[in-house]
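Working notes, beginning with the structure itself.
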Amino acid sequence: MSVQAINFFEGKRRWPGEDSLSKLAAALGVEVYQLFVPHDTKPIVIEETPKNERIRAQITEEVVDDVRRAMTKALDKILKE
């Protein structure tokens, strides 16, 4: 990521896209959502409990299913053309 891009983001002249947000979060060692938490508040920490792990697994499964359905629909459309 260029220094100019970071300057645009910091100066609020440009909004980072998904890829840039992911790169920034990775570079800072935080989750993407934490980029939007005001710096003067405590970071949100999600406990690793069995219940939370089940919820995370369920959400992941639902997202994967949604993506799989969307991809199948898109591929079917391409094949029909």
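The values are calculated or read from the model by the stated rules, or taken from the named source; none is laboratory data. Remember, predicted model here, so these are calculated numbers, not experimental data. Positions of Cβ are generated from backbone atoms using ideal geometry, with glycine treated the same way; all protein chains shown enter the neighbour counts. For accessibility, only protein heavy atoms count, side chains too; no ligands or nucleic acids. Shrake-Rupley method; radii C 1.70, N 1.55, O 1.52, S 1.80 Å.
Worth a mention:
- Count of segment 8-45 residues, restricted to those that are hydrophobic (A, V, I, L, M, F, W, C) and over 16 Å from the mean Cα position of the chain (by Cα), is 3.
- Close pairs (9 angstrom Cβ cut-off, 6 or more residues apart or separate chains): basic (K, R) in segment 34-57, part of a loop (DSSP other than H, G, I, E, B) anywhere: R56/I46
- Apart from one condition, E48 fits all of (1) part of a helix (DSSP H, G or I); (2) more than 17 Å from the chain's Cα centre (by Cα); the exception is (1).
- The numbered conditions (1) open to solvent by less than 80 Å² (accessible area, probe 1.4 Å); (2) assigned to a helix (DSSP H, G or I) are all true for Q58 except (1).
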